[in-house]
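The values are calculated or read from the model by the stated rules, or taken from the named source; none is laboratory data. As the structure is a prediction and not an experimental result, all values here were calculated from the model. Ideal geometry is used to build each Cβ from the backbone, glycine not excepted, and the neighbour counts take in all protein chains shown. We work out accessible area using only protein heavy atoms, side chains counted, and drop any ligands, DNA or RNA first. Shrake-Rupley method; radii C 1.70, N 1.55, O 1.52, S 1.80 Å.
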Amino acid sequence: MKNSRFSFALALVRVCLILLPILLASPARAYGYADPGTGSFVYQAVYVAFLSGTYYFRKMLDRFWRKRKK
């Protein structure tokens, strides 16, 4: 248990050392622009993720019930 805490702390330090220069190099103010097509792209991505997740879940349940009947 003690070793896992040490490895977690070491991983956290590594992540901080990687992210710190990136955060310091970024500008204080970032002016951005999102064109009108961005919203529809995000909508399509969410829609496809929902449909594919539903399809995968349905297939997984189908396999489960098929194995259970045999």
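Here are some notes:
- Average accessible surface for the stretch 1-60: 100 Å² per residue, computed with a 1.4 Å probe over protein heavy atoms with every protein chain in place.
- log10 of Debye I(q)/I(0), alpha-carbon scatterers only, for the chain at 0.12, 0.16, 0.24 Å⁻¹: -0.83, -0.85, -0.98
- Angle between the chain longest axis and helix 37-69 axis [Cα atoms, degrees, rounded to 10]: 40 degrees
- Per residue, the chain reaches -29500 deg cm²/dmol at 222 nm when only DSSP H runs of four or more residues are counted, each adding -39500 (n - 2.57).
- Taking trypsin sites (Lys or Arg not before Pro) across the stretch 1-63, the ones in a DSSP loop with at most 14 further Cβ atoms lying within 10 angstrom of their Cβ are Arg29.
- Accessible area of Asp62 (1.4 Å probe, protein heavy atoms only, ligands and nucleic acids ignored): about 70 Å².
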